[in-house]
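Undergrad: Below: one structure in structure tokens.
The values are calculated or read from the model by the stated rules, or taken from the named source; none is laboratory data. Quick caveat: nothing in here was measured; it's all calculated off a predicted structure. FYI the Cβ positions are ideal-geometry reconstructions off the backbone, even for glycines, and counts take in every protein chain you see.
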Amino acid sequence: MVDVTSISHAMTATKAMKDILEAMVGLRDANTFQTERFKLQSLIIDAQNSIFSANEERSALLERVRDLEKTIAEFETWDTEKQRYELKTIAHVALVYAMKKDADTTEPAHWLCANCYNNRKKSFFQYFTHGPPGRLIALSQVGLNVVSSPC
Ligand SMILES: [Zn+2]
């Protein structure tokens, strides 16, 4: 939201400057003229500060919009990507997301971590003949000894 208060202050200061300038046209007394001149300078500084403030907020808002557009694009990309996978049970003990058989891709078949998938993150399972302790999650049914969680 644009800083309406800053813009309002700038407009009020501009109106006051106009009034002072109109009053100064008719002044002949040097002291009164000088007093009005200081008031005018003060209003100009106030207006400048209000404009700078509104401009800073505008810049911050533009950056926020860019960040949100990027986040939306990432969600849209993931929504497309996730359609290529389906939830499968491997070795009767573990859930993974596997590529659908009809997925249109040249990628080799692979499995994704179900937890990461649900967090819009693509983590590949890797195959090891000897997995690290604590990371073994299932015996595979594809001739390899163990499957290690990617995360
Ligand atoms: Zn994971």
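Undergrad: Residue 132 fails exactly one of the following numbered conditions: (1) at pLDDT 50 or above; (2) surrounded by 11 or more Cβ atoms within 10 Å (Cβ to Cβ); (3) within 16 Å of the ligand (Cβ to nearest atom). What is the number of that condition?
TA: Checking residue 132 against (1) at pLDDT 50 or above; (2) surrounded by 11 or more Cβ atoms within 10 Å (Cβ to Cβ); (3) within 16 Å of the ligand (Cβ to nearest atom), the one that fails is (2).
Undergrad: Another question, if that's okay. Within segment 76-92, does at least one residue satisfy the condition of being touching a strand residue (DSSP E or B) at 6+ places or on another chain (Cβ under 8 Å), under 14 Å from residue 125 (Cβ atoms) and part of a loop (DSSP other than H, G, I, E, B)?
TA: Yes - at least one qualifying residue is present in segment 76-92.
Undergrad: Where residues in segment 99-112 are assigned to a strand (DSSP E or B) and within 18 Å of residue 77 (Cα to Cα), which of them is nearest to the ligand (Cβ to nearest atom)?
TA: Looking at residues that are assigned to a strand (DSSP E or B) and within 18 Å of residue 77 (Cα to Cα), I get 112.
Undergrad: Determine if segment 34-57 includes at least one residue that is surrounded by 13 or more Cβ atoms within 10 Å (Cβ to Cβ), modelled with pLDDT of 85 or more and under 30 Å from residue 123 (Cα atoms).
TA: no
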